[in-house]
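**Student:** After the structure tokens below, expect a handful of questions from me.
The values are calculated or read from the model by the stated rules, or taken from the named source; none is laboratory data. Computed from a predicted structure; not experimentally measured. When we count neighbours, we look across all protein chains shown, and the Cβ atoms used for this are built from the backbone with ideal geometry, even at glycine. Remember, those area values only see protein heavy atoms, side chains included, never the ligands or the DNA or RNA. Shrake-Rupley method; radii C 1.70, N 1.55, O 1.52, S 1.80 Å.
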Amino acid sequence: MRFEDLLPIATKAGALLKSRGDTIAVSESSTGGLISAALLSVPGASSYFLGGAVVYTRIARNQLMQIHDQNMAGMRSASEPYAQLLAAQARARFEATWGLAETGATGPTGNRYGDAPGHSCIAIAGPIEGVLTLETGRAIRHANMCAFAQRALELLVQALD
């Protein structure tokens, strides 16, 4: 999968966001900004895209999302509860209709929590809430990044439809 493969679903998401007058904020980790880049590749993205952050480290989590260690009690990164917290926080911090978040392990190895490469948790917060775990079963970093971004955009479209 390549970045260009994300464009059809991003175009659909952008059209749905525009038609509804909705806005979105994104918090992503192992996709490295691909979700935001795909949404921003759609002409007219300024009408719906409020902002995003690549929350790849604890420092980024603290500074960009204002999620501190006490907020993480009983929770670990690359989990569904953490993805849901990121989505809710992105939505709140940007005062957006929707918050979309992704966190995972792209590979080629797993993460320190025992998740295999190809593991991602994706969440949406807004009028509809949802969270899912994706396991690609692959250890190819760039392919996983694109697969995670694609699934996040699909979750967004599903929520908007």
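**Student:** Where the accessible area of the range 101-161 is counted over protein heavy atoms with a 1.4 Å probe, how much of it, in %, is carbon and sulfur?
**Tutor:** Accessible surface attributable to carbon and sulfur in the range 101-161 totals 54 percent.
**Student:** Then there's this: By what distance, in whole Å, do the Cα atoms of the range 106-150 stretch along each of the three principal axes, largest value first?
**Tutor:** 36, 22, 12
**Student:** Grab the Cα-Cα distance for GLU4 and GLU154, subtract it from 0.36 nm times how many residues apart they are, and report the gain in nm with one decimal.
**Tutor:** 52.5 nm
**Student:** Keeping every protein chain present and rolling a 1.4 Å probe, give me the accessible area per residue for the chain in Å².
**Tutor:** Heavy-atom SASA per residue in the chain reads 44 Å².
**Student:** Show me the ranking of peptides 70-79, 23-32, 101-110 by mean Cβ neighbours inside 10 Å, starting with the highest.
**Tutor:** Packing order, densest peptide first, comes out as 23-32, 101-110, 70-79.
**Student:** Taking only DSSP H segments of four or more residues, each worth -39500 (n - 2.57), what value at 222 nm results for the chain once the sum is divided by all its residues, to the nearest 500 deg cm²/dmol?
**Tutor:** After summing the helix terms and dividing by the residues of the chain, the value is -12500 deg cm²/dmol.
**Student:** What does the highest-first list of 127-134, 38-45, 149-156 look like by mean Cβ count within 10 Å?
**Tutor:** 149-156, 38-45, 127-134
**Student:** Grab the Cα-Cα distance for MET72 and ALA92, subtract it from 0.36 nm times how many residues apart they are, and report the gain in nm with one decimal.
**Tutor:** Contour length minus Cα-Cα distance gives 5.5 nm.
**Student:** Next up: Could you check how many percent of all C-alpha pairs in the range 57-108 are farther apart than 14 Å?
**Tutor:** The proportion of pairs with Cα distances above 14 Å equals 54 percent.
**Student:** Listed highest first by mean packing, meaning other Cβ atoms within 10 Å per residue, what order do 84-93, 6-15 come in?
**Tutor:** 84-93, 6-15
**Student:** While we're here: Could you tell me which residue out of GLN84, GLY118, ALA60 lies farthest along the dipole of the chain toward its positive end? Charges go on the beta carbon: Lys and Arg +1, Asp and Glu -1, centred on the Cα centre.
**Tutor:** The listed residue farthest towards the positive side: ALA60.
**Student:** Let me ask something additional. With the Cα gyration tensor of the range 37-145 in hand, convert its eigenvalues to equivalent ellipsoid semi-axes via √(5λ) and list them largest first in whole Å.
**Tutor:** 23, 18, 13
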